[in-house]
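Read the structure below first, then the notes.
What follows draws every value from the coordinates through simple rules; no lab data is involved. Owing to the predicted nature of the structure, the values given are computational and were not obtained by experimental measurement. Glycine also receives a Cβ, built like all others from the backbone with ideal geometry; neighbour counts cover every protein chain displayed.
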Amino acid sequence: MTGPTDEPDVADDAVVADDLADGAAHDVSGDVPGGEVATTDGPDDEADFEGPRRRARREREERRAAQERATAIENARREAKRRVAGRPADAPKPSARGLIRGLKALMWSALISVLVVGAGLLLYFTPIMSARVMAITGLVTLTQDEVQQAAAVPTDTPLLQIDTDAVADRVATIRRVASARVQREYPSTLRITIVERIPVVVKDYPDGSHLFDRDGVDFATAPPPPGLPYLDADTPGPSDLPTLAALQVLTALRPEVASQVSRIAAPSVASITLTLFDGRQVIWGTTDRTDEKALKLGALLTQPGTTYDLSSPDLPTVK
C-alpha cells in the first residue's frame with residue numbers, strides 16, 4: 001500500500017519512460033533536406049547519408065539533451081517532494097555555524113561586562129584597595145601632619161571613593177602651599193605632591209614681618225630669611241600694581257645682583273628704586289625694557305658711584 005508521498009515518483013518514472021522512447025525514436029530517424037524522412041535499411045545506407053563530422057555533432061547534441069533531461073527530471077522530483085512535505089521551495093537554510101559564533105560572542109561579552117562591573121563594585125565598596133599610606137612630597141617648611149590634617153582623608157577609605165580634586169583644593173588652602181596635586185597609586189597609596197611658596201620680599205607690620213612670594217601673596221607671618229629685601233609699597237598684594245612691578249624687577253635681576261638688594265621701593269609703577277646693602281641706589285623708573293635694564297645693571301655696578309640711573313636704558317648714568 002502506497003501513501004501520498006509515492007505518487008510523485010510514479011509520475012516521474014512515466015516521464016522518464018516517455019523521454020527514453022522519444023530518444024530511441026530520434027536515434028532511428030532524422031531530418032533531410034526537403035522535409036522528407038529517411039529510413040535506415042542498414043549500416044551502409046546510414047554511412048552514405050551523414051558524414052563523420054555531422055554524426056559527431058549530432059551525438060554531442062544528443063548527450064547534452066540527455067543530461068538536461070536528467071537534470072530536469074531530478075529537479076522535478078525534488079520539487080514534488082518539497083510540495084508534498086509542505087516546505088517552501090526557496091526557504092533558505094539557517095547557518096548553524098554563524099548562529100553558534102554569534103551566541104558565543106554574545107556570551108563572552110556578557111561575561112566580561114559582569115566581571116568588570118563586579119570588580120568595580122568590589123573595589124569601590126570594599127577596603128581591598130584603600131588609602132592605607134599617604135605619601136607627601138615637596139615639603140620644605142610645612143610638616144606632614146599639617147598636610148594630612150588639611151587633606152582630611154580617613155584611613156582605609158577605598159581609593160575609588162576619594163575625590164582627588166577636592167583633596168587638592170583642601171590642601172591648597174594652606175597659606176604656604178602654592179599648588180597641590182593628588183594621585184591614586186594602587187594598591188593602597190594616596191600621593192600628595194605640593195609646591196610651597198618661596199618668599200621674595202618682606203614687609204613689616206605691627207603683628208610682625210609678613211612674607212610675600214613672587215605673585216605678591218602674603219603667605220606667612222614669620223622672621224624673614226637672611227638677606228631678604230624689604231618692600232616699600234602702600235598696599236602690597238597680588239592685585240596691587242606697584243607691588244607687582246617691584247616683584248617683576250626683582251625676579252628679572254641676575255642672582256649676583258639680586259643678592260645685593262636690601263630694599264625696593266615702589267610708590268608707583270613709574271618710580272621704582274633699589275637700595276643695595278652698601279647704600280648705593282639704583283633708579284629703575286618704569287618696568288619698560290626690564291630685561292635690558294637688568295642686563296646692563298650688572299656691568300654698571302662695576303663702576304664707582306653712589307647712584308645708578310637706568311630710567312633711560314639707552315643713556316644709563318653713574319653719579
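Projecting the Cα atoms of 251, 188, 208 onto the dipole axis of the range 169-254, where Lys and Arg carry +1 and Asp and Glu carry -1 at the beta carbon, places 188 farthest toward the positive end.
The simple spin-label model puts a point 7 Å past each Cα toward its Cβ; for residue 139 and residue 155 those points are separated by 1.6 nm.
Report the charge-dipole magnitude of the range 194-237 in Debye, nearest 20, computed about the Cα centre from +1 at each Lys and Arg Cβ and -1 at each Asp and Glu Cβ. Write out the running numbers ahead of the final one.
Working: 3 positive and 8 negative charges, 28 e Å.
Computed about the Cα centre, the dipole is about 140 debye.
Expressed as a whole percent, how much of the Cα-Cα distance distribution for the range 127-196 exceeds 17 Å? Here the long-distance tail beyond 17 Å is 32 percent of all Cα pairs in the range 127-196.
Suppose R0 equals 22 Å; then what is the FRET efficiency for residue 164 and residue 132 from their Cβ-Cβ distance, rounded to the nearest 0.05? With a Förster radius of 22 Å, E is 0.85. Packing, taken as the mean count of other beta carbons within 10 Å per residue, orders the peptides 219-228, 260-269 from highest to lowest as 260-269, 219-228.
Tell me, what are the semi-axes, in whole angstrom and largest first, of the equivalent ellipsoid of the range 271-319 as set by the roots of 5 times the Cα gyration tensor eigenvalues?
Values: eigenvalues 51, 28, 17 Å².
They are 16, 12, 9 Å, listed largest first.
Of the peptides 301-307, 242-248, 146-152, the order by per-residue mean of other Cβ atoms within 10 Å, starting with the highest, comes out as 242-248, 146-152, 301-307.
The orientation-averaged projected area of the convex hull spanned by the Cα atoms of the range 201-318 comes to 6.9 nm². Approximating the spin labels as points 7 Å out from Cα along Cα→Cβ, the residue 53-to-residue 69 distance works out to 2.8 nm.
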